[in-house]
Amino acid sequence: MSKRFAPLCRRTLLSAAVLSLAAVAAPAWAQAPIVIKFSHVVAADTPKGKAAEVFAKKAAELTKGRVKVEVYANSTLYKDKEEMEALQLGAVQMLAPSLAKFGPLGVKEFEVFDLPFLFSSYDQLHKVTTGAVGKQLLAKLEPKGIRGLAYWDNGFKSFSANTPIKLPTDLKGKKMRIQSSKVLEEQMRALGALPQVMAFSEVYQALQTGVVDGTENPISNLYTQKMYEVQKHLSLTEHGYLGYAVIVNKKFWDGLPPDIRTQLDSAMEQATRYANQIAQVENEKALDAVKASGKTTVYTPTKEERLAFKKALVPVHKAMESRIGRDTIQAVYKDIGFKPDSL
């Protein structure tokens, strides 16, 4: 080989080597994003639905596209009876089930949140969800293959039916839809009602056809699922709380790169602040919309009527001590200053 061609040859080989290295590195550069399937059972325009979308957006931003969160709203991927098993099997990576869903899973302590008239404000509630008790409850999910990330508010529940609801006796004999929760079953029995456990996606049709007579929901659920169309009366009892725990498949979460987990934790913190800020606003807007529809008569119980509901329902706390655990209930009482004997 002539000397004048040697530099050209070397340049050609060097270029080939660079191209070869680039070809090896290309798959890493063009690596597909990590996909997180986030399934939930409520409408996209509820507090939970909107917060899930905020999380998806923040996750994409903070990871610079390395994570893609696919949100499946309104039971389009799994119904609430199926989603927990799907998470444990790894068929879906993230859920935000209501807190009542963990009782059937074996973590009965979460049913403390179902106790009627336990919380009188969001501030009280957040003392528990952001405090030691809330963290201890999430930790109990770990042996089930689940990592708890955050608590999201929905709101305070009110009763609806096709007949007026002013006093506890007005629900006697009524078939009332509930989530799967022994506390909620006991609550309905304390009112003389007949508890009917039913998937959230089935409630509208059940109300429409008379399979059940009524239900309990935060107003945002009542409105976005159009239950107000098939319920003539709504009583603003605000007797219980409905919230969610955002959870992930533990094996999937632990397998993520540490920097990705840190970025997703930050995205979840931002989504949680958003969720808990809008919950009350969304319920107020939904109440205005229900009133404006003219299809449901909205009633606000008097102080005396509300006290009658409290007296009927607070004994449920004592009745459920053996299930939830007295220590858990007392820890919540201490956090919020609740005194069951002060009614």
(message) Going by amide H atoms built from the backbone, whose H comes under 5 Å of the H on residue 152, apart from near neighbours?
(response) 244, 245, 246
(request) Determine the gain in length on full extension of the stretch residue 277-residue 88; use 0.36 nm per residue of separation and subtract their C-alpha separation, reporting nm with one decimal. (result) 65.0 nm
(request) Find out how many positive minus negative residues lie around residue 79, taking Lys and Arg as positive, Asp and Glu as negative, among other residues whose Cβ is under 13 Å from that of residue 79. (result) -3
(request) Would you compute, from DSSP H runs of 4+ residues alone, the mean residue ellipticity of the chain at 222 nm, taking -39500 (n - 2.57) per run and dividing by the full residue count, rounded to the nearest 500? (result) -14000 deg cm²/dmol
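Where does the charge balance sit around residue 161 when Lys and Arg score +1, Asp and Glu -1, over other residues with C-beta under 12 Å from its C-beta? Provide the component values of the computation, followed by the final result.
Details: positive: 166, 172, 174, 175, 177, 232; negative: 170, 213, 216.
In short, +3.
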(request) Can you tell me the order of 332-340, 109-117 when each peptide is scored by its average per-residue count of other Cβ atoms within 10 angstrom, highest first? (result) 109-117, 332-340
(request) Could you work out the Kirkwood radius for the range 32-338, taking every pair of different alpha carbons, averaging 1/r and inverting it, reported in Å? (result) 19.7 Å
(request) Kindly work out what percent of the DSSP beta bridges joining two residues of the chain are antiparallel, to the nearest 5. (result) 55 percent
(request) Would you mind checking 174/285; 50/101; 68/140; 172/310; 37/251; 175/226 for any pair whose Cα atoms are more than 23 angstrom apart? (result) 174/285; 68/140
(message) Given axes a ≥ b ≥ c from the Cα gyration tensor, I'd like to know whether the range 219-326 is rounded (a/c under 1.5), prolate (a/b larger than b/c) or oblate.
(response) oblate
(request) Between 257, 195, 33, find the one with the highest GNM mean-square fluctuation for the chain; connect C-alpha pairs within less than 10 Å. (result) 257
(request) Rounded, prolate or oblate: pick one for the range 232-277, where a ≥ b ≥ c are the square roots of the eigenvalues of its C-alpha gyration tensor, a/c under 1.5 means rounded, and failing that, prolate if a/b is larger than b/c, else oblate. (result) prolate
(message) Between helix 258-293 and the chain, what is the angle of the helix's C-alpha long axis to the longest principal axis, kept within 0 to 90° and rounded to the nearest 10?
(response) 40 degrees
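Can you check what the net charge comes to around residue 35, using other residues whose Cβ is under 14 Å from the Cβ of residue 35 (Lys, Arg +1; Asp, Glu -1)?
Details: positive: 37, 66, 68; negative: 70.
Local net charge: +2.
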(request) Could you tell me which of rounded, prolate or oblate describes the range 164-218, using a ≥ b ≥ c as the square roots of the eigenvalues of the alpha-carbon gyration tensor, with rounded for a/c under 1.5 and, failing that, prolate when a/b is larger than b/c and oblate otherwise? (result) oblate
(request) Starting from the Cα of residue 205, step 7 Å toward the Cβ, then list every residue of the range 34-55 with an amide N under 20 Å from that point. (result) 40-44
(request) Show the residues, 5+ positions off or on another chain, whose built amide H is closer than 5 Å to the amide H of residue 197. (result) 178
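Which FRET efficiency value, to the nearest 0.05, is calculated for residue 319 and residue 289 with the Förster distance at 45 angstrom and r the Cβ-Cβ distance?
On the way: r = 36 Å, r/R0 = 0.81.
So, using R0 = 45 Å, E works out to roughly 0.80.
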(message) Could you tell me the center-to-center distance, by alpha carbons, between the range 284-343 and the range 189-267 in angstrom?
(response) 17 Å
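Rule-based calculations on the coordinates, nothing more; no lab input. Every value quoted in this text rests on a predicted model; they were computed, and no experiment measured them. Cβ atoms come from the backbone with ideal geometry, glycine included; neighbour counts cover every protein chain shown.
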